[in-house]
Amino acid sequence: MRKLHDDNLLEWEVYASSGDFGLATPARIMFLCLSDRSIRPRFVEDRWDKAAAEETVVRASDAELRELLDRSQEID
């Protein structure tokens, strides 16, 4: 898990989430806004498995994580 600030200075928690249990769905990188709880959580999904998603969260620069946040979508 990491924290970062977006261009609007909102603070986000970033973490990897596994796909649906027992299914071959990819893992997601989740974004939870800590500054404004009225903002719905967001996610970005790629062909990561859980380990690759976790590694991306740990090793990516803040700029790379902001790029992922920019292309993320709200959870339904």
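Readers should treat all values here as calculations from the given coordinates under stated rules, not as data from a laboratory. This one's a predicted model, so the numbers in the text were calculated from it and none came from an experiment.
Worth a mention:
- Overall dimensions of the stretch 2-74 as given by Cα atoms, namely Rg and Dmax in Å: 11.9, 38
- Springs join every pair of Cα atoms under 10 Å in this Gaussian network model of the chain, and among 16, 27, 63 the largest mean-square fluctuation is at 63.
- Stretchable slack from residue 37 to residue 15, in nm (0.36 nm times residue separation minus alpha-carbon distance): 6.3 nm
- The stretch 2-66, relative contact order in percent, only Cα pairs under 8 angstrom and at least six apart counted: 30 percent
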